[in-house]
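Below is one structure, written out as structure tokens; comments come after it.
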Amino acid sequence: MDRRGHKLKFTAVAAFVVLALTGFSTGRGHGSSSHSGGDGGGCSSSSQNHDSSSSSSGGSSYRDYDDDDDTYGGSGGSSNASTTLQDATVKLVDCATPTTPYATVEVTNPNSSGGYFTVTVDFLDADAERVEQGTADEYIGANETETVQVDLSSPGVAAKVDHCEPQTSAPAG
């Protein structure tokens, strides 16, 4: 798997989302086009007045709905519900052995967008006592299943492992 390509794609998407959420655009659709200047402004618009929520010029009146987004935690605040990812599902493929000091799991992203997920595996001894807990953060593409390796801290620990139990879900991180 090409992690560099995934990271580059993730960075490009993240940059686009940030620009979209900050309102950087050439036209924002705030009322009629007859207000002063008519530029509708992106981030560098000098005609925007963020200190008042409405103004009038040229006989027309418009409401600057952008100012409603400046309230956090109130009813006018933006919601992050569209960017929240559901947990990925995790299934064990192989447990650690003395020759392979890691567990192999399959991680399935049920979301329509990719993201990083934190996979956790408990490495247990014959008495079901935890020898070690391992985690791995992995980028999983939209609606994709990837094989992920969760390493032990050292190869010597693998000799103590009898079986593995992954957490069945991996939260987005």
Rank these by accessible area, largest first, 1.4 Å probe: L85, L92, L152.
L92, L85, L152
Give the long-range amide H neighbours of V131: residues separated by 5 or more places, or on another chain, with amide H under 5 Å away, using H modelled in the peptide plane at 1.01 Å from N.
F123, L124, D125
If you rank V161, V131, V105 by how much accessible surface each has, with a 1.4 Å probe, what is the order from largest down?
V131, V161, V105
Roll a 1.4 Å probe over the protein heavy atoms and report the accessible area of S153 in Å², nearest 10.
90
Please give me the summed charge of the neighbours of K160: other residues whose Cβ is under 10 Å from its Cβ, Lys and Arg +1, Asp and Glu -1.
-4
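The values are calculated or read from the model by the stated rules, or taken from the named source; none is laboratory data. All of these numbers come straight from a predicted model, not from anything done at the bench. In this analysis, Cβ positions are derived from the backbone assuming ideal geometry, glycine residues included, and neighbour counts consider all displayed protein chains. Calculation scope for accessible area: heavy atoms of the full protein, side chains included, ligands and nucleic acids excluded. Shrake-Rupley method; radii C 1.70, N 1.55, O 1.52, S 1.80 Å.
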